[in-house]
1. Report, by chain and number, residues whose modeled amide H sits under 5 Å from the one on A:I8, excluding near sequence neighbours (fewer than 5 apart, same chain).
2. Which residue, chosen from B:I94, B:T139, B:I23, occupies the Cα position most advanced towards the positive end of the dipole of region B:12-140, where the dipole is computed from +1 (Lys, Arg) and -1 (Asp, Glu) charges on Cβ about the Cα centre?
3. Among B:K51/B:K154; B:K10/B:K266; B:K62/B:K93; A:K9/B:K219, which pairs are too far apart, with a Cα-Cα distance over 26 Å?
4. If you take the alpha carbon radius of gyration of chain B and divide it by 2.2 N^0.38 Å, what ratio comes out, to two decimals?
5. Please identify the trypsin sites (Lys or Arg not before Pro) of region B:41-134 that satisfy two criteria: DSSP loop assignment and at most 13 other Cβ atoms within 10 Å. Which are they?
6. Would you mind ranking A:T33, B:T264, B:T231 so that the residue whose beta carbon has the fewest other beta carbons within 10 Å leads the list?
7. With a point put 7 Å past each Cα toward its Cβ, work out how far A:A67 is from B:D79 in nm, to one decimal.
8. Need one number: nm distance between label points at B:K199 and B:E236, each 7 Å from Cα along Cα→Cβ, rounded to one decimal.
Amino acid sequence: MKIKEGFIKSNLGDECVVVPVGAQTVDFRGLITLNETGEFIWEILQNESEISDIVSAMTKEYDIDEATAKADAEEFVKILSEKGFLE
Amino acid sequence: MNYNVKVGEKVQTICVADVVINIDSADKEYFTRRYKEYEVEYTDNPDMWIKTECIEKIDEPKGELIENIRTSYIVKTEDGFLCRYAKSSKTGKIAYAIYYNEDYSNVKIVMEKGFIFQKLNNREWEYLYTGFMFANRLTNLGGTVLHSSGMAYKDIGIVFSADPGTGKSTHVSLWKERFQNDVEIVNDDKPALRIIDDKFYMFGTPWSGKTELNINTKKELKAIFFIERDTENKVERMSVADSVLNLSRQLPNPFYDKNVGIKTVKLIEKLYALNVPIYRLRCSISQDAVTAVYNEVIGEK
């Protein structure tokens, strides 16, 4: 899975937001805000990745155990999938 | 290739927000008058060419299909131009075709003569399409147009944005009523914004919506307000998320060109970098709302 084309991430001050562009604006006129972990996973999902890739990167980047990373990654991916951001 | 026109006979050269445009209108009588205030001397090297034609029958544009979004088709023509066109759901005929290059420096709009769509006629669509194409060109040049009512209090530029029907023009008319000649309505629908020497400026443009309330001027932009109707009058700085959400709804982000959307996001980043304050104005239709904005932007009176 990976993030569909047409979502642009922007860092403004301490905030990270994602805005739809082009054809994505037809179905989604909103905006996504990402916290630090969300932004980290978002970046990984710019390329084709599995949950295991995200978990592996998270346990290297953050001081968390594999079970916590997996739970966080699955929860975030579920939201992205439900909102139609993944392909 | 250039959708060039016969120099000197048809073309009107205008300068809008420092963008020089050679424009060849289909409805010449109407648009020559409407663009009059922006006229400049003809040049062979403008920043943009726009030609509009109304013809009896539009042939299906030939080329490689790039995208089909709802009723719109985008093809890449043999000469490297893009063409966006749409078919009437009633007749199946092509209602319009807009040819353009990637940076919108060269645009040709073709409409079916007598075309009525969403109750708007050829003239009204010519006005809208040329305005959209100008917005896309300006976005490619690092500026934008903001759906808002833009006014100047003396040399201070302020824009009031909102969805249609919220009362942005009404709010600006209250400023005019109170401050008379110290207030100018720069553009009542879509003022242009550009950065010059690290400052944002607001410009008048001839595309001002249903009214002809626009003037050919340039004022430094001091604040952006998003209006929400309320019973009380209150000004507050918007959070980053709310600002970006509101801006992205009121700035160009066309479904047919993601590059325009990407450049719009870059411009929002510049608004932040250059500290242009973005506010929420909760207001009634009253002079108290004007006072609330005046006190915030210009100073207590």
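Derivation of every value follows stated rules applied to the coordinates shown; laboratory data play no part. Keep in mind the model is a prediction, meaning the values are calculated, not measured. Cβ atoms come from the backbone with ideal geometry, glycine included; neighbour counts cover every protein chain shown.
1. A:V19, A:V21
2. Positive-end residue among those listed: B:I94.
3. From the list (B:K51/B:K154; B:K10/B:K266; B:K62/B:K93; A:K9/B:K219), the Cα-Cα distance tops 26 Å for B:K51/B:K154; B:K10/B:K266; A:K9/B:K219.
4. 1.04
5. B:K57, B:K62, B:R70, B:K90, B:K93, B:K113, B:K119
6. B:T231, A:T33, B:T264
7. So the label points at A:A67 and B:D79 sit 6.8 nm apart.
8. 3.2
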